[in-house]
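The values are calculated or read from the model by the stated rules, or taken from the named source; none is laboratory data. The shown structure was predicted, so the numbers you read here are calculated from the model rather than taken from an experiment. Note that each Cβ is placed from the backbone with ideal geometry, even for glycine, and that neighbours are counted across all protein chains shown. For the accessible areas, the whole protein counts, side chains as well, though only heavy atoms, and no ligand, DNA or RNA atoms are used. Shrake-Rupley method; radii C 1.70, N 1.55, O 1.52, S 1.80 Å.
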Amino acid sequence: KFNLADSPAPFLKLRYASPTYAIPPRTRQVAMYGSSDLETQLVAPQQKRTSSLIKGLMASACVLAMAVVFLAVRGSNAELQAGVATRSSVMPMHMPVIHRNPFRREMKAHSSMKSVAATMAPPATITETEMSALSRAADEERGLAMDGVTAANSGHLGLPLGAAEIGAVLWGKSMSYYAKDPTWVNRDRFILSAGHGSMFIYSWLNLAGYDLPMEELKNFRQHHSMTPGHPEFPNSEHTTPGIESTTGPLGQGVSNAVGMAAAEKMAAATYNTEEHTIIDNHIFALAGDGCLQEGVAFEAAAFAAHEKLDNLIVLYDANDVTLDKMAEFTQSEDVITRYKAMGWDAVVVDGHDLMAVYSAIEQAKAEDNGKPKLIMCRTIIGKGIDAVAGTNAAHGEAGVKFTDESRAKLGLPDEKFYVSPETREFFKGREATLKTSYDEWQGTFSAWKGANPELAQRLEDAVTRKTPSVEEMFAQIPARDPEVTEATRISGSTALNDIAKIFPDVISGSADLHGSNKNYISAGGDFGGDADLGKEYTGRNVYYGIREHAMGAIMNGFAYYGLNRPSGATFLVFADYMRSPVRVAALAELPVSYIWTHDSIGVGEDGPTHQPIEQVSSLRLIPNLDVMRPADPEETVGAYVGTMERQNGPTALILTRQNVPNLKEIPVETRRMGTIKGGYVAKKETGELKTILLASGSELSIAMDAAKELGEGTRVVSMPCMERFDRQSDEYKKEVLPESCRQRVAIEAGASSMWYKYTGIDGKVIGVDRFGFSAPGDIVFKELGFTVENVVNTVKSL
């Protein structure tokens, strides 16, 4: 057995290497899905006929090349190759016939065997006793999933049943964890990217000994349970131990895993010493076809390969099924070849063969070769419920009505939520083994801590997210030059570097716009695995490439890992590319910072494609996201300090491209502390209060100038962050915005709707509720009404 794809004469493989060459083009295209490199080439469109002489020469050369390769492989280790191929056969012959094409199943089994045999190391050892225990645990996990979904009359059965053996290997054999200390810093992380199959992870956490009682599995998807419909990272709503990331939106989890792998590389490079290794864990993710179809997964996978994240292991639950239809309706690419082309190691195994899965995982863990790992596990969705197994009906709840008979066929008793004493005993033994490793690590950690007290303190501060008070942070950041006029993105650059000196765990990054966003940490180094490019894993500046969506998800991964405070930047108009991970960060209460520059029509000449209009208002609609739009250098300092102060959610920093004046008539402390509160009185009336002008960002200076013309009865309120202001006490809010004054005008170069909650029906908003146009920024501002004259006239019209 040998892999012709490794032939030194690749041009010879196109026509003579496989008996499937005669399959019609449509059939051959379908058969390609999930194949090895060889089949990718086999399904290429037929070329023009070649002369008989050329054909003969090519055939002779092909035979000669095959003979040479055969002898070489046979002489190297024929017995090992045959053993691995047998152990790793991808398409078990008992798989139900779910494809109409009679050639397809045969080709999948044939091609996948060759792929695995050519790339996998000798299978690691699982004893017969362990094999029996893992097999039993897999079936009992299937029973728990059936019972949980049936009790809730809601949920997804397909993945928990189809991937049961994968879970058994992970928690029963391969992963390093200690259930009694679920936040152990050096634990392996597991992310269920296909979060709809949540009964999978809840069941395994219970079996593995985490503090997730069986009663919580019985309360699956119920109010206040620890088992919500999709896994949720511990937060104010759920504190389920062992959940490493909030998943459900497909593609996010596998992209989070990339961020965690990057975070592990950074932690290992930062904290390990020549004498002591305290960080060396792996990141596992279980993803399905839906995850890999999402564009964000491709972006993140490209980043992972480019930065050589070989500590990342993605298990691809390949079952030929998506929710609507069989997968052939929407995908036909060769996933293995695609990932190999990006720079991943990629193999195929039978996802129901415990030894094959274990061998692939152990090989992936052992290979520190600069390549992330994809293990394509061929599985039967809904395995165990014969009535729906292998079909798209198995994805959700369609199998519920067959669960009783299916449980019986698995050998499970009538008792629901049943776990055998043997399985409990097996995982007690597993816990004891893991405890030994955990204790050994604790010994190493103690020695490392004694030898590196400063580094140990830094790690403790990172783990606990130690944060000085706002006043202490302000004291370490000098006042800005009041005579300097600059864009808030420039002010932000200075503030970021001040913050980076206070917090060594702060990292930054950009989607190919460091030069424009101005968010580079000076002397912080560049993150990555290519020393020839000047990169190192201790680097604090991450180059994400033009991958905004992946950037957001990878930043979340850094935050989930728990040792860094990540920030990332792009133009505000491209924040929409990141919206899904921003929403998840807000839901998961992650302290992530977004630096979005070029914040308004002030972008000018780039025109309406690059002039944000609705972005700020739409971001304000996301619960638990603070949107901060500072007006000048001192408010910008306040905004950056505010991001560090906040521990229970993300913050968006909205910064200008164009210069803004330093509002030196407002005391420095007033601007800084006022920004922390979200809103404050920037200019107090000197007579009877008649009018309140509200503004944020670059429009605050317009409001300040307009107030001078309107006279002594005009107050100016700076509102850099509505969310922070709304969290203040009623007394403070009434002090800033007295109810007695209903003549109010708000000014912001963006969509107007959000401001009416402050102006009321008696007030007006000067905003932008249309797209802009290409012209110098000052002209766009003037044409759309952002002038002192228009503000004054608007007030007088009330």
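Could you provide, to the nearest whole Å², the per residue accessible area of segment 244-360 with probe 1.4 Å?
25 Å²
Counting every Cα pair in segment 134-180, what percent are over 16 Å apart?
Details: 461 of 1081 pairs.
In whole percent, the share of Cα-Cα pairs in segment 134-180 beyond 16 Å is 43.
Please compute P(r) over all alpha-carbon pairs of segment 530-592, binned at 5 Å starting from zero, and give each bin as a whole-number percent.
In order of increasing distance, the bins hold 4, 18, 26, 23, 16, 9, 4, 1 percent.
Rule-of-thumb check for segment 295-391: C-alpha Rg over 2.2 N^0.38 Å?
Values: Rg = 14.5 Å, N = 97, 2.2 N^0.38 = 12.5 Å.
Dividing the Cα Rg of segment 295-391 by 2.2 N^0.38 Å gives 1.16.
What lysines could a cross-link reach from Lys180, if we take a straight Cα to Cα line under 17 Å and drop same-chain neighbours fewer than 8 places away?
Lys428, Lys435
Taking a temperature of 4 °C and a viscosity of 1.567 mPa s, what whole-number D in µm²/s does Stokes-Einstein yield for segment 220-300 with Rh from Kirkwood over alpha carbon pairs?
Working: Rh = 14.5 Å.
Answer from the Stokes-Einstein relation: 89 µm²/s.
Given N residues in segment 600-714, what is its alpha carbon radius of gyration divided by 2.2 N^0.38 Å?
Ratio of Cα Rg to 2.2 N^0.38 Å: 1.14.
Using every pair of alpha-carbon atoms in segment 641-790, split the distances into 10 Å bins beginning at 0 and state the percent of pairs per bin, rounded to integers.
10, 41, 36, 12, 1
Could you run the Debye sum over the Cα atoms of segment 356-488, one equal point scatterer each and no solvent, and tell me log10 of I(q)/I(0) at q = 0.13, 0.17, 0.21 Å⁻¹, two decimals?
Debye intensities relative to I(0), on a log10 scale: -0.97, -1.16, -1.26.
Can you return the lysines within cross-link range of Lys690? Criterion is Cα-Cα under 23 Å, with same-chain partners fewer than 8 residues away left out.
Lys708, Lys733, Lys734, Lys757, Lys764, Lys796
Which order, highest average first, do 242-255, 460-473 follow once you tally other Cβ atoms within 10 Å for each residue and take the mean per peptide?
242-255, 460-473
Taking the Cα centre of segment 644-798 as the origin and placing charges on Cβ (Lys, Arg +1; Asp, Glu -1), which of Val745, Val788, Leu663 is farthest toward the positive end of the dipole?
My answer, from the dipole projection, is Leu663.
Can you sort Thr129, Thr485 by solvent-accessible area, 1.4 Å probe, largest first?
Thr129, Thr485
Gly545: net charge of surrounding residues, Cβ under 9 Å, Lys/Arg +1, Asp/Glu -1, itself excluded?
Around Gly545, the surrounding residues sum to -1.
Taking 35 Å as R0, compute the FRET efficiency from the Cβ-Cβ separation of Arg579 and Asp280 and round it to 0.05.
Numbers: r = 35 Å, r/R0 = 1.00.
The calculated FRET efficiency here is 0.50.
Might you tell me the accessible area per residue for segment 183-232, computed with a 1.4 Å probe and given in Å²?
Per-residue value: 30 Å².
Out of the total accessible area of segment 457-609 (probe 1.4 Å, heavy atoms of protein only), what percent is carbon and sulfur?
C and S fraction of accessible area: 50 percent.
What net charge is computed for the residues neighbouring Asp530, neighbours being all others with C-beta under 11 Å from the C-beta of Asp530, Lys and Arg scored +1, Asp and Glu -1?
-2
Computing the accessible area with a 1.4 Å probe over protein heavy atoms, can you report the carbon and sulfur percentage for segment 718-761?
Percent of accessible area from carbon and sulfur atoms in segment 718-761: 48.
When only DSSP loop residues count, what GluC sites (Glu not before Pro) in segment 644-747 have their Cβ near at most 12 other Cβ atoms within 10 Å?
Taking segment 644-747 and a limit of 12 other Cβ atoms within 10 Å, the loop GluC sites (Glu not before Pro) found are Glu665, Glu688, Glu712, Glu739.
Just to make sure I understand: if all protein chains stay in place, what is the order of Leu587, Leu134, Leu513 by accessible area at 1.4 Å, largest first?
Leu587, Leu513, Leu134
Once you have all Cα-Cα distances for segment 365-433, histogram them in 10 Å bins from zero and send the whole-percent values.
Cα pair-distance distribution for segment 365-433, in percent: 16, 27, 29, 22, 6.
Computed over the Cα atoms of segment 701-798, what is the ratio Rg over Rh, Rh following Kirkwood?
The Rg/Rh ratio comes out at 0.97.
If you build the convex hull over the alpha carbons only and average its shadow over all orientations, what do you get for segment 393-465? Give it in nm² to one decimal.
Over every viewing direction, the Cα hull of segment 393-465 projects on average to 9.2 nm².
Suppose a student asked you for the relative contact order of segment 195-247, using Cα pairs under 8 Å spaced at least 6 residues apart; what percent would you report?
30 percent
Would you list which lysines come within 26 Å of Lys535, measuring only between C-alpha atoms, while excluding same-chain residues fewer than 8 positions from it?
Lys265, Lys308, Lys340, Lys365, Lys371, Lys373, Lys501, Lys518
Need one value: the accessible area of Glu232 in square angstrom, 1.4 angstrom probe, rounded to the nearest 10.
Number for this one is 40 Å².
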